[in-house]
Amino acid sequence: MVKMTRRILVRIIICTLLIGGFTVFVRDWNGVRLLAVSPKILKYRPVIQKHAATHQLDWRLITALIVQESGFNENAVSPAGAKGLMQLMPETAKELGVTDPFEAHESIAGATRYLRSLYDLYPESSHPNRVRIALASYNGGRGHIKDAQKIATHRKDQPHQWESIRTSLSLLTEKDKKLHSEVWEAGVPPHGYFRGYNETRQYVKRVIEYYDRLCYFSGIVRRAKSFVSL
């Protein structure tokens, strides 16, 4: 009788955890989108985990990146020509040795390695900042991030913190020519004006939101499993 009561109590707790976690998981568009692609997440999770572990990255971060890039559409092609799950540009795919960006496993392997290489470019930043700066580099290009860091340094801001870089990205347009003449002898950012700065800032925000949601729900599932093993 006691064992039966305990089993019922455990089941109630598990259901409460899962229902509560599910409610938070799908409370907005981000959660709904994650729910919609969950079958693909489960399908590719083993290969994502494999390559994430190889490069010491959180598999949930790679998953969040794919959700944002392609919504797990293996055949996605952007107007700019980026292809596959990870939306690799042709020149980037070639540099990474990815011969077929539409082949999911190859795309995940190459892009995960690429994200790690971007992460490694910012050793002076804390981990949360490095993740965000690497994501911004993945989307907007390493060159624009370097230019933003230069502006941050000139303004006596924090060039190794994402919030400082985030602000400085908006200062890479034609309207800030006076500032550019103070920073660079040529009077223009070395990597050109960055009209898409807001897209990159929103990109980082959305990937981190997906990542946080995945971390939250996986924590709920982990706690539920621990009750099952009692």
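The values are calculated or read from the model by the stated rules, or taken from the named source; none is laboratory data. Values in this document were obtained by computation on a predicted structure and should not be read as measured data. Here the Cβ is made from the backbone with ideal geometry for all residues, glycine too, and neighbour counts use every protein chain on show.
Details
- In this structure, SER137 qualifies as surrounded by 17 or more Cβ atoms within 10 Å (Cβ to Cβ), in contact with a Leu (Cβ under 9 Å, 6 or more places away or on another chain), modelled with pLDDT of 95 or more and among the hydroxyl-bearing types (Ser, Thr, Tyr).
- Boolean, TYR114 is of a type outside the set (S, T, N, Q), in contact with a helix residue (DSSP H, G or I) (Cβ under 6 Å, 6 or more places away or on another chain), under 20 Å from MET89 (Cβ atoms) and not in a helix (DSSP H, G or I): no
- Pairs, first over 11 Å from PRO101 (Cα atoms) in the range 66-90, second crowded, with 23+ Cβ neighbours inside 10 Å and β-branched (Val, Ile, Thr), C-beta under 7 Å, six or more apart: GLN68/VAL207; PHE72/ILE66
- Some residue of the range 193-204 being under 20 Å from PRO128 (Cα atoms), polar (S, T, N, Q), assigned to a helix (DSSP H, G or I) and modelled with pLDDT under 95: no
- Cβ-Cβ under 9 Å pairs, at least 6 apart or on other chains, the range 30-54 side closer than 15 Å to GLU69 by Cβ, far side modelled with pLDDT under 90: LEU34/PHE25; LEU34/VAL26; LEU34/PHE217; ILE41/LEU34
- Where ALA104 falls short, out of the listed (1) under 15 Å from the mean Cα position of the chain (by Cα); (2) closer than 19 Å to GLN49 by Cβ; (3) aliphatic (A, V, I, L, M): (1)
- Residue satisfying all of: in the range 160-191; under 15 Å from SER137 (Cα atoms) and touching a residue at least 40 places away in the same chain (Cβ under 8 Å); surrounded by the most Cβ atoms within 10 Å (Cβ to Cβ) among these: TRP162
- For the range 140-148, the count of residues that are in contact with a strand residue (DSSP E or B) (Cβ under 9 Å, 6 or more places away or on another chain), surrounded by fewer than 23 Cβ atoms within 10 Å (Cβ to Cβ) and not in a loop (DSSP other than H, G, I, E, B) is zero.
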